[in-house]
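The values are calculated or read from the model by the stated rules, or taken from the named source; none is laboratory data. Keep in mind that what you see is a predicted model, and the values were worked out from it rather than measured. With ideal geometry, Cβ positions are generated from the backbone for all residues, glycine too; neighbour counts draw on all protein chains shown. Just the protein is used for accessible areas: all its heavy atoms, side chains included, with ligands, DNA and RNA removed. Shrake-Rupley method; radii C 1.70, N 1.55, O 1.52, S 1.80 Å.
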Amino acid sequence: AQRVTQPEKLLSVFKGAPVELKCNYSYSGSPELFWYVQYSRQRLQLLLRHISRESIKGFTADLNKGETSFHLKKPFAQEEDSAMYYCALTSRGNTGKLIFGQGTTLQVKP
Amino acid sequence: EPEVTQTPSHQVTQMGQEVILRCVPISNHLYFYWYRQILGQKVEFLVSFYNNEISEKSEIFDDQFSVERPDGSNFTLKIRSTKLEDSAMYFCASSESNLLAHFGNGTRLTVT
């Protein structure tokens, strides 16, 4: 079954601390993995996709096929990083349907 | 930067009534989607639409739901006879290819 699991509902850290938002997936083919972010009262925005291997706003995520994980990391959290983060997957060649995890709320305290 | 726009932002309706949620996708996009998020739950896929037809739908998307692209710019989701459990945030998304979805702000539907 296709599934994305984000085990933490809430992650609370102090400003300047490292952040790791966990994401594990279950998919039989070759998935494309994404991280979306939703700031308060705003739309879901694409943060990262695994295929581009880029760093956005200091965040990085590496696809680990052996552990079926795509954890989101940032070495030094900022208050403006406080938001809801969703891990999602889709598959090349399909309709583009995204399967989302439950989401993790990141709270960065001053 | 172009955006997906959704109207209304909040819709309140009585059980059994029909509702139409409206979306204007980004103009050069070819793939269109509806998702919903019940309060406290994950974002769930409802339907995808490409080349003027449904390309995939979930088990949530039953006979009560339909989608249309009536005029080449709007993309609508209709719920024929709303139930209490249809209360949710509904997100429209569009993409140029089938890989990078851009989301609207959502419509909060409240069924009373």
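Rounded to whole numbers, the Karplus 3J(HN,Hα) couplings from phi for region A:31-47 are x, 9, 10, 9, 10, 10, 10, 10, 6, 3, 6, 10, 6, 5, 10, 5, 9 Hz, using 6.51 cos²θ - 1.76 cosθ + 1.60 with θ = phi - 60°, and x at Gly and Pro. Packing, as the average of other Cβ atoms within 10 Å across residues, places the peptides B:46-57, B:82-93 in the order B:82-93, B:46-57, highest first.
Across all Cα atoms of the protein assembly as shown, the radius of gyration (one decimal) and Dmax (whole number) stand at 17.5, 51 Å.
Which value, in Å², gives the accessible area per residue of region A:3-109 when a 1.4 Å probe is used on the protein heavy atoms?
Value for region A:3-109: 49 Å² per residue.
Size of chain A from its Cα atoms: along the principal axes, largest to smallest, the extents are 43, 30, 24 Å. Kirkwood's formula applied to the C-alpha pairs of chain B gives a hydrodynamic radius of 13.9 angstrom.
Region A:21-59 and region B:70-112 have their alpha-carbon centroids 21 Å apart. The coefficient of translational diffusion for region B:1-48, derived via Stokes-Einstein from the alpha carbon Kirkwood radius under 20 °C and 1.002 mPa s, stands at 166 µm²/s. Couplings 3J(HN,Hα) for region A:17-27, derived from phi with the Karplus relation 6.51 cos²θ - 1.76 cosθ + 1.60 (θ = phi - 60°), are 7, x, 10, 9, 9, 8, 8, 10, 9, 10, 7 Hz, where x marks Gly and Pro. Quick one: if the Förster radius is 30 Å, what FRET efficiency do A:LYS57 and B:ASN52 give, using the C-beta to C-beta distance and rounding to 0.05? Computed FRET efficiency for A:LYS57 and B:ASN52: 0.20.
Surface burial for B against A, with a 1.4 Å probe and both sides summed, reaches about 1900 Å² of accessible area.
Can you pick out the pairs among A:LYS15/A:LYS65; A:LYS15/A:LYS74; A:LYS109/B:LYS42; A:LYS97/B:LYS83 whose Cα atoms lie more than 20 Å from each other?
A:LYS15/A:LYS65; A:LYS109/B:LYS42; A:LYS97/B:LYS83
Electrostatic bookkeeping for B:PRO8 treats Lys and Arg as +1 and Asp and Glu as -1; over the other residues with beta carbon under 12 Å from its beta carbon, the sum is +2.
What a 1.4 Å probe finds exposed on the protein assembly as shown is 47% carbon and sulfur by accessible area, rounded to a whole percent.
Considering only A:SER91, A:SER12, A:SER52, the mean-square fluctuation computed in a Gaussian network model of chain A, springs between alpha carbons under 10 angstrom, is largest for A:SER52.
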